[in-house]
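The values are calculated or read from the model by the stated rules, or taken from the named source; none is laboratory data. Source: prediction; values computed, not measured. No Cβ is skipped: glycine too gets one built from the backbone with ideal geometry, and neighbour counts run over all protein chains shown.
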Amino acid sequence: MLLPDSLYRRVPHFWLLMGCFLIFYSLVAWPDLWYFFGCLFLGIVSIARASWLFQARRRVVRRAEVTVLTATQKMERNRT
């Protein structure tokens, strides 16, 4: 299934938001230790996944390079 580009760019934000909610829920569920450790672990994993996605996309996405043509370069292009 292909995602639209606007939705695809927000996937790391979803992981980060889900991790924050899970950590918040684990702090709310403090009396029940089973939920505490489970949600805390899943929250940390999803925040780590979000940071990995942010870093991986920053490495892959290339910024557009701006080249400035000088007069000699323009003349050489016209000759060929």
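Points worth noting:
- One residue stands out in the stretch 3-29 among those that are touching a Phe, Trp or Tyr at 6+ places or on another chain (Cβ under 6 Å) and farther than 19 Å from Val60 by Cβ: the one that is modelled with the highest pLDDT, namely Ser26.
- For the stretch 1-19, a tally of residues being within 16 Å of Gln55 (Cβ to Cβ) and part of a helix (DSSP H, G or I) returns 6.
- In the stretch 37-48, the count of residues that are modelled with pLDDT under 85, out of contact with any helix residue (DSSP H, G or I) (no Cβ under 8 Å at 6 or more places or on another chain) and of a type outside the set (Asp, Glu) is zero.
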